[in-house]
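Structure record follows, encoded as structure tokens.
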Amino acid sequence: MSIAFRAIPDAERTALAERLARTGRVQIPGFFDALTAQRFLDEARERTSFQTVTTNSKGHVDLPAAWIETLTAPQKAEFGKAVQESATTRFQYLYDNYPMWDLAQAGKLTGPWAELLDFLNGEDFLAFARAFTGEERIAFADGQVTRYRRGHFLTTHDDGIEEKNRYFAYVLNLTPAWRIDWGGLLMFHSPEGHVAEAFTPAFGALNLLRVPAPHSVSQVSLFARDDRISVTGWLRGR
């Protein structure tokens, strides 16, 4: 099945692009139609082998699902407690991911996720991204599938790593019927220390965020009835 995105009417596109230029962030509703979004949601829920990612004192850590399953219930509880406590004093995150870009670089990405990554790096999408953002240096998109389950979060950061040439972050939302009070909100921070704005996951929507800009993902509540699933990454230059 080929992948395409919604043809955005001129008036809507102009308004959205102006919003992005003014605020550095925008959510484009219905970027993928429901059938396309559902296809990738089903792939994530039924056929994708996620790993859990977090940090320790040395940096990023990948935790394969097979390793996590070897832990006893008390060990899992202790691990979760340690991650939560570390977030009070330093940058921290806890969520599941499927590293599309890394797998593609190793020649190991196949199936629908390879098709999606090809779409994101195809000229139709990249031309749209350059025209919509006004950033002509965008040359490619990396990406990962992310899954935030109950208790998962991402603390404040700005995505700015100079040598990676990240111009915009993107989020392709794949979770339907999300409630605000379930958490998992993409939150944008003001210089005064307030939440300037927050985007709720919206099925098939595309979020764009200029880099660098301080933001976070609020912790998914313990009463959330679904996982927050999306494809995330950066629009980058060579």
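List of remarks:
- Restricting attention to the range 138-152, the residues that are open to solvent by 10 Å² or more (accessible area, probe 1.4 Å) and of a type in the set (A, V, I, L, M, F, W, C) add up to 2.
- Yes/no for residue 119 being open to solvent by 20 Å² or more (accessible area, probe 1.4 Å), under 19 Å from the mean Cα position of the chain (by Cα) and of a type outside the set (Val, Ile, Thr): yes
- Taken over the range 30-52, the criterion of being surrounded by 19 or more Cβ atoms within 10 Å (Cβ to Cβ) and either of a type in the set (A, V, I, L, M) or within 12 Å of residue 4 (Cα to Cα) (or both) is satisfied by 31, 32, 36, 37, 41, 44.
- Looking across 169, 114, 104, one residue alone is touching a Leu at 6+ places or on another chain (Cβ under 6 Å), assigned to a helix (DSSP H, G or I) and at pLDDT 95 or above. It is 104.
- Criterion: of a type outside the set (A, V, I, L, M, F, W, C), without any contact (Cβ under 8 Å) to a residue 40 or more places away in the chain and either in a loop (DSSP other than H, G, I, E, B) or farther than 21 Å from residue 133 by Cα (or both) - qualifying residue of 204, 193, 184: 193
- Taken together, 7, 15 contain a single residue that is not in a helix (DSSP H, G or I) and not charged (D, E, K, R), which is 7.
The values are calculated or read from the model by the stated rules, or taken from the named source; none is laboratory data. Being a predicted model, the structure only gives us computed values, none of them experimental. Neighbour counts are summed over all protein chains in view; Cβ atoms, including those assigned to glycine, are modelled from backbone coordinates with ideal geometry. Ligands, DNA and RNA are excluded from the accessible area calculation, which covers all protein heavy atoms including side chains. Shrake-Rupley method; radii C 1.70, N 1.55, O 1.52, S 1.80 Å.
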